[in-house]
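Participant: Before I ask anything, here is the structure I am working with.
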Amino acid sequence: MLLSLEFIGEKDKDPINLVLLRWYDGVDGEEEMYGCPKLCLTDQYTCVYLDSVDMSVHIIPRNNCENEYFVNRYIF
C-alpha cells in the first residue's frame, strides 16, 4: 500500500476508504529462492476500496539486485 485515502461526505454516511497499490509481477522461468517466489515491480497502480483488500504480504528487496524482490511466506 502506497497511500491511504479517506473521503468524508454526508454526516450520516460512513467515510469512503481507498488505498493506492503498486503491483508486482512474478519472474517467469525462475525457481524460488529460499522457498520464496521472486517478483519484479511493474509500472501499474490501482486505487481500490480498503475493504476489498484480501490480505497483506511482506515483500523483501533482494540486496545488490535491481528490481528483484521476494515474497516472505514465513512471516504470516
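FYI, it's all coordinate maths here, none of it is from the lab. These numbers come from a predicted model, not from an experiment. Every residue, glycine as well, gets a Cβ built from its backbone with ideal geometry; the counts of neighbours run over all protein chains shown.
Participant: How large is the direction-averaged shadow of the alpha-carbon convex hull of the chain, in nm²?
Facilitator: For the chain, averaging the hull's shadow over all directions gives 6.6 nm².
Participant: Here is a follow-up. Students often check this: by mean Cβ neighbours within 10 Å, which of 1-8, 65-72 ranks highest, and how do the rest follow?
Facilitator: 65-72, 1-8
Participant: Applying a 10 Å radius around every beta-carbon, put 28-34, 17-23 in order of their mean neighbour count, most first.
Facilitator: For the peptides 28-34, 17-23, the packing ranking is 17-23, 28-34.
Participant: Now for a separate question. GNM, the chain, Cα, under 10 Å: largest mean-square fluctuation among Asp51, Asp12, Asp43?
Facilitator: Asp12
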